[in-house]
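Input: a single structure, listed below in structure tokens.
None of the figures in this text is laboratory data; all of them are computed from the coordinates on show. Fair warning: this is a prediction, and the values are worked out from it, not measured in the lab. A quick note on method: Cβ atoms are made from the backbone with ideal geometry, for glycine too, and the neighbour counts reach across all protein chains shown.
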Amino acid sequence: MRGRWLAGAALLGLSAMSAAAAATEVRYFEQQSRQDFAAGELHGLAIDAEGALKRARSFERVAEIEEPFVFAAVPAGDGWILGTGSSGRVLRVDPDGRVESLWTAPEPEIFALWADPDGAVFVGSSPNGKVYRLAAGGAEEVFDPQETYIWALARAPWGELLVATGDEGRLYAVAEDGAGRRVFDGDETHLRSLHPLQDTVLIGTAGDGLVQSIDAGGRLRTLFDADQPEVLAFADDGAGGWYAAAVDSEASFTRRGGSDDKDDDENGEEDDGEPVVEVSESPPRAEAGTRTAIVRGGSGDPRRVATLERDTAYSLARVDDALWIGTGVEGNVYSLAEDKLSLEASLDDRQVMAILPGPEPVLVTTNGAAVHRGGAPLAGPASYVSATLDAGAVSRFGTLSWHGEAADSGGLAFSARSGSSSEPDATWSDWSAPAGGSEVGLADVPAGRFLQWRLELAAGAGADVRVSSVELSYRQNNGEPAISEFTAMDPGQVLVPAAFNPGDQIYEPAHPNREGIFTTLSPAAESDGGRLKTLWRQGYRTLRWEAEDPNEDEMEYGLAFRVAGAEGDWLAMAEEIDESYYSFDATALPDGLYRFRLTASDRPGNAADAALAADRISEPVVIDHTPPRLAGVAARPGGLAVEIVDELSPIRSAELSVDAGSWEAVASADGLLDGRAETLEARVPAGARLVLLRVVDAAFNTATFNLGEEQ
């Protein structure tokens, strides 16, 4: 979802345009891509390869499956065989939707099915996995690899039935007589998918996310190493090559107790219980990044041809000369043609575990286990509801406009609603009255921070509709700036750009003008507005602040001052400041306590009568130009007791030099040099000729006294 804005002047054709967005500017929500539209809810609509909304192919729910999960499906005759969990049942669904239980395995999960052209169906069960052949009235065991999981089955071109397993990542081959042999013991923990080609079989692994191939001689090759850790599905590309789905989450198996180590015994049992299999409703790893990569290989080096940022692909199949991709966790089905993705359907069921090609594509779902059969484009009512759009602040909404193609746009209607919570709830407004046309006014939509829009297609209308982009205009209600911090830096500190080099750059005092008394610093060249560093300039003070505007308007600042404790008007100090600090020559003020007032205004981005401002007053700031004074000197055994007094600032350092020797720190009688009046213990050797005491207060005022003259 992208937001953009245009200055009101530009809308009127004027050449002037503000450099930054402001509350009075008209801004836009703009949706014009597959990613934009896919974030919303589609009902009877799809997203084509160009990212436009269109009528979707219909999908009829042929059968409801009572089992909680369906993990595998294959076509068999004119129906479909399903493998389920967590009761290990094998089901048959006929074209009319009748569901028949064929057999229940001793193991609870069926992850793998294979159907030969002659009608033989093989079942791989887990955990404590075994391979069975369905027979009349049940099934017969044909192979026990002594592995925990059987993830995939496939008939190799050379005739053997291949069995992909975990936790040890081994591949087995089973002959017609049931004799099995270990083809290889892989480095990966799990072999997750198999796909026969003309003379090899593809293997998808979990761990490093490898696409590998094996031939009749047992030669293993790695064809592709995906960024994602798991290769879940394969499909033909129609030209002798293949597609693979590499995913960034393991959503298909976990263990009770959280262990997935190879230290378990060969039956997969652990000390704290039997391994179980679960299907997650959402992938455990949901960090930002590509959730699924679609890889194509065959004629050249394998390459990634598409990515899904939000969806995990569970199944691939070739349908109507395109690759179809079944995903979770939103039940989206995509098609890929000429490396362009289309969203074909968005099912209420959460995960599309299998796509079975045929005259009418069949989708098998779990987390809402069902069988869906595709048909012609829908002709009934259809709708689209956008994702929640965030205006950033309470706003007024203007116009919805759309672009696309429609032979008859009379059946299209748009509406909108608004609210102040990020998720629509009972506090949101009702939908505005549906309206047609290329532009729809939103004046009836109440002001709010969040907005949704809805497209509705009447039954029988919009057969050729394509909505390629939708724009909604809004203008934020102006919000008052907020000042979060306003402080005075230490005396003498000034701020300059971090790149400032005194060797080739100069900061010049800007002399007081007729409107004020303060000298400030201005650079010989414009600063880049980046990082700052602190330098020293005697007599200067720097005020610094942090402020923000809820509309992200450009701001300007003003400063005023008065004596602390005084009442009455504030005295102007500086106006139209565009930095977040102000350094000034404090010698313009006599010694004393002062308060400063900062005003932050959004006037640069708003009309004068709409601008808002906020004020903040500083804590009392000491202005002190007077150095400490010597109040008295008294002789003590081995030295002098020296009394130092400062009117406004505490004493920060005291150093003694005897007969032009190096400066040495002088201790305070109470052990702490922190008060405005201090008694110093100066150790002075007998016969000293020149005794100098240098004292500095917190305002960095310095005084040096000749104690020899005071004795």
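Below, the figures for the structure above:
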quantity	calculated
Cross-link partners of residue 340 among aspartates and glutamates (Cα-Cα below 12 Å; sequence separation of 8 or more within a chain)	48, 50
Inter-probe distance in nm under a simple model that places probes 7 Å from Cα toward Cβ, at residue 376 and residue 647	9.9
Residue 146/residue 403 FRET efficiency (R0 41 Å; Cβ-Cβ; nearest 0.05)	0.10
Gain on full stretching of the segment that runs from residue 390 to residue 307 - 0.36 nm per residue minus C-alpha separation	27.3 nm
Candidates per trypsin sites (Lys or Arg not before Pro) in the stretch 63-157, loop by DSSP, up to 11 other Cβ within 10 Å	98
Cα centroid separation, the stretch 72-127 to the stretch 190-232 (Å)	24
Rounded FRET efficiency, nearest 0.05, which uses the C-beta distance separating residue 499 from residue 677 and R0 of 35 Å	0.20
Identified option (computed log10 I(q)/I(0) by the Debye sum over Cα atoms at q = 0.06, 0.08, 0.10, 0.12 Å⁻¹; candidates (1) -0.48, -0.80, -1.10, -1.35; (2) -0.61, -0.80, -0.97, -1.21; (3) -0.39, -0.68, -1.01, -1.31)	(2)
Under 10 Å, Cβ to Cβ, from residue 482 - net charge with Lys/Arg +1 and Asp/Glu -1	-3
Gain upon complete extension [residue 634, residue 657; 0.36 nm per residue less C-alpha separation]	6.5 nm
Residue-span extension gain [residue 221 to residue 348] - 0.36 nm each, minus C-alpha spacing	41.7 nm
Rough spin-label spacing in nm, given labels placed 7 Å along Cα→Cβ, for residue 318 and residue 443	5.8
Long-range amide H partners of residue 112 with built H, under 5 Å	124
Two-site FRET efficiency, residue 116 against residue 208, from Cβ-Cβ distance with R₀ of 25 Å, rounded to 0.05	0.20
Karplus-derived HN-Hα couplings along the stretch 647-657 (A = 6.51, B = -1.76, C = 1.60, θ = phi - 60°), whole Hz, x at Gly and Pro	6, 10, 10, x, 6, 10, 8, 9, 9, 10, 10
Under 12 Å, Cβ to Cβ, from residue 665 - net charge with Lys/Arg +1 and Asp/Glu -1	0
Amide H contacts of residue 539 (H built 1.01 Å from N, under 5 Å, at least 5 apart or other chain)	492
Only Lys, Arg (+1) and Asp, Glu (-1) charged, at Cβ; the chain dipole about Cα centre in debye	1480
Alpha carbon centroid spacing (whole Å) that separates the stretch 600-648 from the stretch 545-584	18
Distant-in-sequence amide H partners of residue 237 (H built 1.01 Å from N, under 5 Å)	242, 243
Mean Cβ count within 10 Å, highest first, over the residues of peptides 685-693, 620-628	620-628, 685-693
Charge context of residue 534, other residues only, Cβ under 11 angstrom, K/R +1, D/E -1	+2
